[in-house]
Structures are given as structure tokens and as C-alpha cells.
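Here's the structure, in C-alpha cells; my notes come after.
The values are calculated or read from the model by the stated rules, or taken from the named source; none is laboratory data. Please read all numbers here as calculations on a predicted model, not as lab measurements. Neighbour counts are summed over all protein chains in view; Cβ atoms, including those assigned to glycine, are modelled from backbone coordinates with ideal geometry. Each accessible area value is taken on the protein alone, full model and side chains, heavy atoms only, with ligands, DNA and RNA left out. Shrake-Rupley method; radii C 1.70, N 1.55, O 1.52, S 1.80 Å.
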Amino acid sequence: MNFIDLEKQQDAIRENLEKRILRVLDHGKYIMGPEVLELEERLAEFCGARHCISCANGTDALLLSLLYYGIGPGDAVFTTPFTFIATAEMIALLGATPVFVDIDERTFNISPGKLALCLKEFHDGSLPNGKPAGALKARGIIAVDLFGLPADYAALQKIASENGLFLIEDGAQSFGARCHGRRACSLGDIATTSFFPAKPLGCYGDGGAIFTDNDSVAETIGSLRIHGKGSDKYDNVRVGVNGRLDTLQAAILLEKLSVFPWELEQRQMVAGKYDEFLSSLVTVPYVPDGMVSSWAQYTVIADDRNRYQDRLRSAGIPTMIYYPTPLHLQTAFRYLEYAPGTMPASEYSSTHVFSLPMHPYLTVEEQRKIFDAMSTR
Ligand SMILES: *Cc1c(COP(=O)(O)O)cnc(C)c1O
């Protein structure tokens, strides 16, 4: 059994995929070809955002968003420690200070209540690691829609505007999800996503995108993505990066997008079936009213996860742990000096969660096998 089954998906779309790829080979516009522009239009429409700027990967999408805000040394950006490293990594790469705010233990997403408290303490002069905030300036928030579930944007947007902060939605895992009728990747001032092969919408390499309703944000990020270009490629008006999406990846994504709505429904059915099978054994994912997850992962909480993982392994069923070490305790962020115990919900989650196989092509028979393996003693 596969954890994520990209082969079954490819079998289903192979013929049209080949046609799309061959069309790129025929026209030869490998960089910023027509498929890139078509994809950006389709993705923006899908999310209900005014603009989509495709880019090289989800990490660059975060970097470009932070570059837009001119983030650098002396700036504090508030984010969750229970996420993939890229979220906080780009803050640190620019010389700014990631300030970690613990998660809500039910949704695994940044807790608006804890964020409000953290901001109050920040304005009173102290950081969550117990150090003084000093001359640090609070600039923005990066919320992550972990495992495909949107964060609480109504509450976060309120906190952001009360404190004069920007709000970035890291939707690397939530493309296709919904939050009170709106699509994920339209929920922050700027949203980012990733098309890494294992994400809900993945290409066959690296890819990413940025979404915004703001015309001037879109124009500036579009320029930053291509070496800060002005009206012409060799007229450079700002310092940027080479962060374009390849035409071939755009062609692949266009074909994958055609089956994506159906795949989202399948994921929802798989998740519902898992809930039915597993709720007597483990804590199944919590989805607040008004939210629909894109189910990048189906992640459960168990007191003795090793026992379940061992049983599943013996039955030939793969599981994963996202994430075994919260970011505030990662070696790369040791310099920030967060002690164990400072982010209790993240630390509890990192020691109690595990993720089960999740993809649109998982069958009920496979799910029953997973349930049987988990129930045997
Ligand atoms: C995957 C991921 C990223 C980075 O995306 P890449 O395309 O791999 O660079 C960023 N944030 C989160 C939450 C992710 O899951």
C-alpha cells in the first residue's frame, strides 16, 4: 500500500498529460510559456483570488511574500512552530526573528487566543522564549493551514488589523480547502501554496504559487519573481530572485487541475470513512463548522502511537509522523533559545500524532485493512 499514490492518478490522466507535455516540446517556450499564464488564470479563478503569481516552489512563495513586505533584521514575524521548516525558515533567512506562537491542540493550527496573548506580552516587552523583545518591531503573521485545514482567519484577521500586522496564509497543504464558503489561498492578505508532488495539487517537480486580491502586491511580486524586472527583462527596478515556475510543470498542473475537484471529493469520502472506522481507537481529525479540509494528511492522535505504527508496519501499511520535532526545538532554531515546555500543545502533538495513507484513490477495502491492522492485538 502506498502512503500517497501518484501512480494511480497518472494512470487516470496519462494520455492527456502526454499531449500537454508534447505541446510544450512543440512550441519550445520552456520559460514563461503560454501554459504558465493559462495556469495562473485558472488557479486564481479556482481560489476566487484576483491574482495568481506562479513560482518555483512553496518556499519561494513565502520568500517572495516576505520580500514584498521588506522583511529584514529587526522585524518580528509571528508563526506556528508545528509546521514544515520552510514557514519559519524564510523569516530567519531574511534576518528577521520568527516568534513562535503555540497551536490549538484540536486543529493543529496557530491559536488566535495564544497569538493575542503573545502580542500583548510583546508590546509589554517580552518574547515567548522569556527574552526581552527589545527594539524588535512586530510586522506580520504567517498562519499555516496544517494538514489541509484552514486556520481561523476570521479571528486572525481581526488580530492582524488591530495590531497593524500583515497576514500571510501558508496554504502549501490546503489548496482546495474551504473556509466559510471561501477557498483556501484566498484567506490572508497574501496566500502561498506549493505544488510539490505530494501536496493535494502536485506537479512532477517543484512548483508553487502566490495569491492576492491586491493589484500592486501582484505587480511587485511578479517583478520580484523575475530578478526585480521592470517593464523589460533587462530593466531591473528592485533586487529579486529567479523564482519562476517551469512551463512543463504548468502544463502538468493544468491537466491535474482538470481532475482536482473530483479528487477533493474523493479525499473527503476517504476522510469520512476513516472517521467511521477509527474514532473508537484514536482521536480523529477535528474539522470546525464551516471548514472543509483538503486532506493533505489524515492525522490522528493516540496515546500509544508506536503500538499502532508497529501493527500497521507489520501489515505492510506505511505511516508518517508530521512533525516529530516542533520548530522551536529544531537545531536550526537553537539560536532563538526556546526551552522545551514553552509550546506545550505543539510538543504534545509532535509526540502523539501520526498520519495514515491518504490520497483520492484509496479504496474502502484498503481502509478496512488499515482498521483491521490497528484493531488486532
Ligand atoms: C511543503 C510546505 C512548504 C514548502 O513548499 P515547497 O514547495 O516544498 O518549497 C511550506 N510550508 C508548508 C506548510 C509546507 O507543507
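Restricting to the chain, what percent of DSSP beta bridges are antiparallel, rounded to 5?
Among the beta bridges of the chain, antiparallel pairing accounts for roughly 60 percent.
With r as the distance between the Cβ atoms of residue 126 and residue 41 and R0 = 35 Å, compute the FRET efficiency 1/(1 + (r/R0)^6) and round to 0.05.
Computed FRET efficiency for residue 41 and residue 126 comes out at 0.15.
Go ahead and collect, in residue order, the members of the stretch 164-189 whose backbone nitrogen is under 19 Å from a label point 7 Å along the Cα-Cβ direction of residue 50.
Flagged as within label range: 166-169, 182-189.
Which value, in Å to one decimal place, does the Kirkwood hydrodynamic radius take for the stretch 1-104 when every pair of different Cα atoms is included?
For the stretch 1-104, the Kirkwood estimate is 17.1 Å.
In a GNM of the chain with a 10 Å cut-off on Cα contacts, which of 237, 282, 353 has the highest mean-square fluctuation?
Largest GNM mean-square fluctuation: 237.
Taking the full set of protein chains and a 1.4 angstrom probe, give the accessible area of residue 35 in square angstrom, rounded to the nearest 10.
Near enough 20 Å² of accessible area.
Let me see the P(r) profile for the chain: every Cα-Cα distance counted, bins of 20 Å, each bin given as a percent of all pairs.
Going from the shortest bin to the longest, the percentages are 29, 57, 14, 0.
Ranked highest first by average number of other Cβ atoms within 10 Å, how do 107-114, 324-331, 75-82 line up?
75-82, 107-114, 324-331
Compute for the stretch 109-221: radius of gyration divided by Kirkwood radius, i.e. Rg/Rh, restricted to C-alpha atoms, rounded to two decimals.
1.02
Would you please give the residues with an amide H less than 5 Å from that of residue 354, counting only those at least 5 places away or on a separate chain, with H modeled from the backbone geometry?
Close amide H contacts, sequence-distant or interchain: 300, 302.
Over what distance in Å are the Cα centres of the stretch 245-308 and the stretch 316-377 separated?
14
If the viscosity is 1.567 mPa s and the temperature 4 °C, what translational diffusion coefficient in µm²/s does Stokes-Einstein give for the stretch 60-171 when Rh comes from Kirkwood over Cα pairs?
94
What FRET efficiency comes out for the pair residue 29/residue 369, r = Cβ-Cβ distance, R0 = 45 Å, nearest 0.05?
0.45
Between the stretch 20-85 and the stretch 181-242, how far is it from one alpha carbon centroid to the other, in angstrom?
About 3 Å separates the Cα centre of the stretch 20-85 from the one of the stretch 181-242.
At 222 nm, what value in deg cm²/dmol follows for the chain if DSSP H runs of at least 4 each add -39500 (n - 2.57) and the sum is divided by all its residues, to the nearest 500?
My calculation for the chain gives -13000 deg cm²/dmol from helical runs alone.
With the crude spin-label approximation of a point 7 Å out along Cα→Cβ, what separation in nm comes out for residue 155 versus residue 321?
2.8
Keeping all protein chains in place and using 1.4 angstrom, which order do 238, 50, 139 fall into by accessible surface area, from largest down?
Descending order: 50, 238, 139.
How large, in percent, is the carbon and sulfur part of the accessible surface of the chain at a probe radius of 1.4 Å?
Answer for the chain: carbon and sulfur cover 52 percent of the accessible area.
How many lysine pairs in the chain, separated by 8 or more positions in sequence or lying on different chains, have Cα atoms less than 22 Å apart?
20
Heads up, I need the accessible area for residue 5: 1.4 angstrom probe, whole protein in place, Å², nearest 10.
20
Jot down the radius of gyration and Dmax of the stretch 237-377, Cα atoms only, both in angstrom.
Just the Cα atoms of the stretch 237-377 yield Rg and Dmax of 19.0, 65 Å.
Could you provide, to the nearest whole Å², the per residue accessible area of the chain with probe 1.4 Å?
Ligands and nucleic acids excluded, the figure is 42 Å² per residue.
Given the stretch 166-300, what percent of its DSSP beta bridges are antiparallel, to the nearest 5?
75
Report the full-extension gain for the segment residue 269 to residue 337: residue separation times 0.36 nm, less the Cα-Cα distance, to one decimal in nm.
Value of the extension gain: 20.2 nm.
When the scattering of the stretch 198-294 is computed by the Debye formula from its Cα atoms alone, each counted once and equally, what is log10 I(q)/I(0) at q = 0.10, 0.12 Å⁻¹?
Debye output, listed in q order: -0.48, -0.63.
Would you pull out the residues with amide H under 5 Å of residue 126's amide H, same chain only if 5 or more places away, H placed 1.01 Å from N?
133
Express in nm, to one decimal, how much length is gained between residue 135 and residue 306 on full extension, taking 0.36 nm for each residue of separation and deducting their alpha carbon distance.
57.1 nm
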